[in-house]
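Novice: I have a structure I would like to understand better, so I am pasting it below and will then ask my questions one at a time.
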Amino acid sequence: MAHKWGMVVDLDRCTGCEACVVACHAENNIPTAGEDQAARGRAKHWIRVERYWEGDFPNPRVRFQPVLCQQCDEAPCEPVCPTYASYHTPEGLNSQVYNRCIGTRFCANACPYNVRFFNFYNPAWDKPLQLQLNPDVSVRSVGVMEKCTFCVQRIKAAEIQAEAEKRELKDGEFTTACAQSCPSKALIFGDLNDSASEVARLASSNRGTKLLGELGTKPNVTYLERGTWEDATHG
Amino acid sequence: MERRDFIKISALSGVMATLEGCRSAEKQLIRFIPEEELIPGIATIKPGVCTVCSAGCGLLVRVMQGEAEVVRHGQQGLIKMGLAKKLEGNPQHPVNQGKLCARGQASLQMLYHPDRITHPIKRTGPRGSGEFQAISWDDALKEVSAHLGTLQASGSANSLGFLSRPLSGQQGELMTKFLKAYGAPPPVWYQPFDEAVLRQANLFSFGHAALPTFDLHLADYVICFGADFLGTWNSPVAQSISYGEMRQGRPGRRAKLVQVETRMSQTGANADEWIACRPGMEGVLALGIAHVILAEKLAPQAPGSRPGSLIDGWQAGLPEYAPEAVEKQTGVSVAVIKRLAHELAQSGLAVAMIGGPPLAHTNGLFNALAVNALESLVDKSSILSFTPQTGDAAPVQATLAALHTLSAQPPQMLLLYEANPVFSAPPATRVREALAKIPYIVSFGSFIDETSVQADLILPDHAALESWIDSVAESGSSRAVASLAPPAVLPLHDTRPMPDVLLGLGRQLGGEVAKALPWATYDAMLRAAFVPLRTRPGSIDVKTDDDFWDAAQTQGGWWSSPSTSPPLAAVKRAPLSAASPQFAGAAADFPFYFLPYVSQSFADGSLAHLPWLQELPDVLTSAMWSSWVEINPNTGDRLGIKQGDLVEIASQQGSVRAAAVLSPGIAPDMVAMPVGQGHENFTRFASGRGANPLSILAPLTEQETGSLAWAATRVKLVRAGGPEQAKLVLFAGGMSAFPHEQERR
């Protein structure tokens, strides 16, 4: 059976430490925008941690929520692209074909999750910071839209390796950079079509919700709601 | 055109093109023969040790072949070499178990930082001017050993100082041995947020002068007084791993986290219940809870030498800490105190912990002893324990006292390693002035910062990934852990590892120093220290010392089998009674408590030079690249301060300016600022950016330990300008505040 890549974000485990954010920058050659460009809303974070404040002092509450591309099955970003740069892969990824992209930014407008980032400039690294760049991931040039790929380079590498060894991919054999770094194991990545995988098991949890699920985008990222002590103790 | 002309023109343009090509510096570079064998496109995974904080996490370094400009034998050239591409946690390592925090991930940029010092430099301009010129390693080392020799010969060997960031393991051992044999006082381990108060308290309460380890995955109830244990405190990765387990790792069982603090930290944001307590009164609150447990006999008192015996009135049931009295002092209601006591006692597996701001008051030790007493009352299953150690615990050292000694009697010569007190010590310590009085300063750091710019000579160290690195975990595991890693990559620049430079200087000095440091290289010293661990229980199963040494390098260190915690017993000591916290500045003139807090991105400020961390949105505010001050919205209304306005924060010691962030997570009578920005001189990414809250701290100290009471300053606030002047850069909201496009291209 074909793979269907998905992720579970356990909001009860997430601490907001943002290890995932830096891990993603290191893995995916995301350029640093700098203060001026960041002030213009051009900083790129394929994964971010949002915060929602409720209540006032002395009873404030915060909820953290990591947001990345939801890799929707009915992705609003795909049909709007005039050049088919936003494209749905057979394994369920919303991929971005950089050399088709002509920078209309329609996809970013259509995306309700605000997870697509436009390259307003050619990226630059002060020497020798460029030596860190991951050779497995292309650097995006000016005029091109970019977004989370579920670390497609890791997916491909693992698939090729498994095929060369004439075996099935095992659950947990590889994972995305964000999930690999996550100290509290709030991010779990895997194959939703493999019913024995951890991600498939957790995605069917009764705590599971979809981000803006009412829009009918059918995300492949499932959020597990925060628990409460009272529920666990008395319920 | 004739055929001959065509050939001439072609030849000429060919030559011109070649000459043009030669003009670009890169094309003039020599190509060196590769020094290691690598297959292009295939990653090699090598062990590493994280040096960003003292937690001592194990790394896996992803190395791939690339082409770099390097210096070999004084000659610049191009070489195909292994380059570190990504840092991951080492899954075998007992502390971080394959995980790694944002700061650890970003430390990769230290290796490739564009402002690294690439070769030895010697000061040419006045002190602090930043004017240096290149000097050869031979000349530089001759100069240092001449200075060391002269100083020793003139009988003032005790006037050599060594100021370093804390180093566990053999690097620290090497410095200590060097200084002892030379005749100088021991090294000063400088860090602005030292844990002297907690180590002292744990020595009194439990008999261990160390930071504790928490097996949170065993707990059903956690009450935490101020420690940001998921963010920056102690061993955050290890603590976050077990936090994840206590939340969702045990089906049907989910622990409760209660956080007591005055400004909501990242940890507080994750709590099930967040309790605001008056600053410095956390110990009183802990004893109020203990009072209810004792009075209502909710938990049996264990016999023996218990931490409670260190608190005045414990045996009598803490009569002074009745909930009504405690409510008056802490601002926490009687109902809440009683409920917490019942919840703690009923949950069989509870733990109380303390860290951060409650210890940074003049009564910090009392707060720590009080929480330790509550901990031993409610923790029946050793959720708090101490990581077994391979060597003796270092004596508790309060940083501030050492700095005062430095200022009072500046040494004749100072060796400096990655400590930056000019940036992070309160101005009243007058470190900058003291450095000006020191005739000769040598720095081993890789970057120019506010302190190392004062040096006369800089002998840059290799980056951590280019060096032999070891570290000993003080906490975070039930195993004794000594991490070890050989260099993951070859050096990029004309730098030399600090330990090897010290060993070389020792040989040149001869006499006692050479005798104390008989190793030719630092890895020989490491081997001598690691090989005896082979015979310890649970060690790596190999036949010979050589095999053990190889295996330790491959696995990323040595660790023992899990062991039960060493026994906890309180030291006999006169009991302490409650002391009120003192603050610098009268409440009438300076109406706000001031809390500088360890930043999620920059820790104590030593990571502000890494662009990934500058652009990392703060998780509670989404601020990047800037400084801000957190103010309660009601306070903002009262003072006419809006989100993003420029605010001046003034203490008796001085003032700083930063953008206002209105936050419901802070008390109306407190303002808080993250530490890390406000560097005058610390690479292109951090210099001249934001403000440094440590620069307005009063030099108040914790009464018993002499540690800096960094939460004991009071300030006043005034609006100093609008958002245009404040330049608060937020990630969230960036799109809605999208400015008109002036710079179209």
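Every number in this text was worked out from the coordinates using simple rules, so none of it is lab data. A quick note: this is a predicted structure, and the numbers were derived from the prediction, not measured. Positions of Cβ are generated from backbone atoms using ideal geometry, with glycine treated the same way; all protein chains shown enter the neighbour counts.
Novice: Which value at 222 nm does the protein assembly as shown reach when only helices count, each DSSP H run of 4 or more adding -39,500 (n - 2.57), with the total divided by all residues and rounded to the nearest 500 deg cm²/dmol? Mind showing how you got there, number by number?
Specialist: On the way: 31 runs with 270 residues, N = 980.
Calculated at 222 nm, the ellipticity per residue is -7500 deg cm²/dmol.
Novice: Related question: Shielding by partners for A:59-65, please: the mean number of other protein chain Cβ atoms within 10 Å of each residue's Cβ. Could the numbers behind the result be given before it?
Specialist: On the way: counts 5, 10, 8, 12, 2, 5, 0.
The mean count of partner-chain Cβ atoms within 10 Å per residue comes to 6.
Novice: What ranking of A:Thr222, B:Thr124 emerges when the number of other C-beta atoms within 10 Å of each C-beta is taken as an exposure proxy, fewest first? Present the calculation step by step, with values, prior to reporting the outcome.
Specialist: Details: A:Thr222 25, B:Thr124 9.
Going from least to most buried by this count: B:Thr124, A:Thr222.
Novice: Could I ask something else about it? For helix B:196-206, report the angle its Cα long axis makes with the longest principal axis of the Cα atoms of chain B; keep it between 0 and 90° and round to the nearest 10°.
Specialist: Computed tilt is about 50 degrees.
Novice: Within 11 Å, Cβ to Cβ, of B:Thr495, how many net charges do the neighbouring residues add up to if Lys/Arg are +1 and Asp/Glu are -1? Write out the running numbers ahead of the final one.
Specialist: Numbers: positive: B:Arg116, B:Arg496; negative: B:Asp461, B:Glu466, B:Asp494, B:Asp500.
Around B:Thr495, the surrounding residues sum to -2.
Novice: Could you give P(r) for the protein assembly as shown, binned at 10 Å from zero, as whole percent values over all Cα-Cα pairs?
Specialist: In whole percents, the pair-distance histogram is 2, 11, 20, 24, 22, 13, 5, 1, 1, 0, 0, 0.
Novice: Now, a different point. Which whole-percent values make up P(r) of region B:283-340 when all C-alpha to C-alpha distances are grouped in 10 Å steps starting at zero?
Specialist: 25, 55, 18, 1
Novice: Follow-up question, since we're still on this one. Ranked highest first by the average count of other Cβ atoms within 10 Å around their residues, in what order do B:350-363, B:624-637 fall? Before the final figure, lay out the partial values.
Specialist: On the way: B:350-363: 27.4, B:624-637: 22.0.
In descending order of packing, they fall as B:350-363, B:624-637.
Novice: Using a 10 angstrom cutoff on alpha carbons, build the Gaussian network for chain A and name the most mobile of A:Tyr52, A:Tyr223, A:Tyr84.
Specialist: Between A:Tyr52, A:Tyr223, A:Tyr84, it is A:Tyr52 that shows the largest mean-square fluctuation.
Novice: Is region B:665-734 best put as rounded, prolate or oblate by its Cα gyration tensor, with a ≥ b ≥ c the root eigenvalues, rounded for a/c under 1.5, and otherwise prolate when a/b is larger than b/c, oblate when not?
Specialist: In terms of gyration-tensor shape, oblate.
Novice: Ratio of alpha-carbon Rg to the 2.2 N^0.38 Å globular estimate for region B:50-118, to two decimals, please.
Specialist: Values: Rg = 14.4 Å, N = 69, 2.2 N^0.38 = 11.0 Å.
Against the compact-globule rule of thumb, the ratio is 1.31.
Novice: For A:Pro128, what charge total do you get from the other residues with a beta carbon under 10 Å from its beta carbon, if Lys and Arg give +1 and Asp and Glu give -1? If you can, show how the numbers build up before the last one.
Specialist: Details: positive: A:Lys127, B:Arg116; negative: A:Asp126, B:Glu69.
It works out to a net charge of 0.
Novice: List the extent of the Cα atoms of region A:51-113 along each of their three principal axes, largest first, rounded to whole Å.
Specialist: 53, 26, 18
Novice: Roughly how compact is region B:486-529, stated as its Cα Rg over 2.2 N^0.38 Å to two decimals? Mind dumping the intermediate values first?
Specialist: Working: Rg = 11.8 Å, N = 44, 2.2 N^0.38 = 9.3 Å.
It is 1.27.
Novice: Give me A:Arg116, A:Arg61 sorted ascending by neighbouring Cβ count inside 10 Å, so fewest comes first.
Specialist: So the ranking, lowest neighbour count to highest, is A:Arg61, A:Arg116.
Novice: While we're on this one: So what is the relative contact order of region B:592-730, in percent, for Cα pairs below 8 Å that sit 6 or more residues apart? Provide the component values of the computation, followed by the final result.
Specialist: On the way: 328 pairs, mean separation 49.1, N = 139.
Reported relative contact order: 35 percent.
Novice: Taking the Cβ of B:Ile696 as the center, what net charge do the other residues with Cβ under 12 Å away carry, scoring Lys and Arg +1 and Asp and Glu -1? Kindly include the intermediate steps, with their values, before the conclusion.
Specialist: Numbers: positive: B:Arg657, B:Arg714, B:Lys716; negative: B:Glu648.
After counting each charged neighbour, the total is +2.
Novice: Please tell me which of these pairs span more than 20 angstrom C-alpha to C-alpha: B:Lys177/B:Lys515; B:Lys46/B:Lys99; A:Lys170/B:Lys86; B:Lys328/B:Lys572? Could you put the intermediate results ahead of the total?
Specialist: Working: B:Lys177/B:Lys515 10 Å; B:Lys46/B:Lys99 16 Å; A:Lys170/B:Lys86 23 Å; B:Lys328/B:Lys572 31 Å.
Result: A:Lys170/B:Lys86; B:Lys328/B:Lys572 exceed 20 Å.
Novice: Next question. Give me B:Thr535, B:Thr44, A:Thr32 ranked fewest to most by other Cβ atoms within 10 Å of their Cβ, as a rough exposure proxy.
Specialist: Working: B:Thr535 8, B:Thr44 14, A:Thr32 25.
Ranking B:Thr535, B:Thr44, A:Thr32 by Cβ neighbours within 10 Å, fewest first, gives B:Thr535, B:Thr44, A:Thr32.
Novice: Can you give the convex hull volume per residue for the Cα atoms of region B:461-521, as a whole number of Å³?
Specialist: Details: hull volume 6.8 nm³, N = 61.
Given the Cα convex hull of region B:461-521, per-residue volume reads 111 Å³.
Novice: Rounded, prolate or oblate: which fits chain B when a ≥ b ≥ c are the square roots of the eigenvalues of the alpha-carbon gyration tensor, with rounded for a/c under 1.5 and prolate only if a/b beats b/c? The partial results should precede the final answer.
Specialist: On the way: a/c = 1.69, a/b = 1.43, b/c = 1.18.
Note, shape of chain B comes out prolate.
Novice: With +1 on each Lys and Arg Cβ and -1 on each Asp and Glu Cβ, and nothing else charged, work out how big the dipole of chain B is about its Cα centre, in Debye to the nearest 20.
Specialist: Charge dipole, chain B, about its Cα centre: 280 debye, nearest 20.
Novice: Taking 10 °C and 1.306 mPa s as the conditions, I'd like the Stokes-Einstein D for region A:5-227 in µm²/s, using the Kirkwood hydrodynamic radius from alpha carbon pairs. Mind dumping the intermediate values first?
Specialist: Details: Rh = 18.5 Å.
D = 86 µm²/s.
Novice: Still on this structure: Find, to one decimal place in angstroms, the Kirkwood hydrodynamic radius of region B:196-385, where the mean of 1/r is taken over every pair of different Cα atoms and then inverted. The partial results should precede the final answer.
Specialist: Details: mean 1/r = 0.0618 Å⁻¹.
The Cα-based Kirkwood calculation yields 16.2 Å.
Novice: Across peptide B:99-112, what mean number of C-beta atoms from other chains lies inside 10 Å of a residue's C-beta? Walk me through the intermediate numbers first.
Specialist: On the way: counts 8, 7, 7, 10, 4, 4, 12, 6, 1, 4, 6, 0, 4, 9.
Other-chain Cβ atoms within 10 Å of each residue's Cβ, averaged: 6.
Novice: Rg to Rh ratio, region B:592-730, alpha-carbon atoms and Kirkwood radius? Present the calculation step by step, with values, prior to reporting the outcome.
Specialist: Numbers: Rg = 14.4 Å, Rh = 15.0 Å.
Over the Cα atoms of region B:592-730, Rg/Rh equals 0.96.
Novice: Separate question: What per residue convex hull volume, in Å³, do the alpha-carbon atoms of region B:407-559 yield? The partial results should precede the final answer.
Specialist: On the way: hull volume 24.7 nm³, N = 153.
Hull volume over Cα atoms, normalised by residue count, gives 161 Å³.
Novice: Turning to a different aspect of this structure: Taking the highest mean first, how do the peptides A:147-153, B:501-507 order by number of other beta carbon atoms within 10 angstrom per residue?
Specialist: Details: A:147-153: 22.7, B:501-507: 21.1.
Going by the mean number of other Cβ atoms within 10 Å, highest first, we get A:147-153, B:501-507.
Novice: Related question: Which whole number gives the average, over all residues in A:21-34, of C-beta atoms from other chains lying within 10 Å of the residue C-beta?
Specialist: Numbers: counts 9, 17, 9, 1, 8, 10, 5, 0, 1, 2, 2, 10, 5, 6.
Rounded to a whole number, the mean comes out at 6.
Novice: Taking region A:70-185 as the region of interest, what is the percent of Cα-Cα pairs per 5 angstrom bin, listed from the shortest bin to the one with the maximum distance?
Specialist: Cα pair-distance distribution for region A:70-185, in percent: 2, 10, 17, 19, 19, 16, 11, 6, 1.
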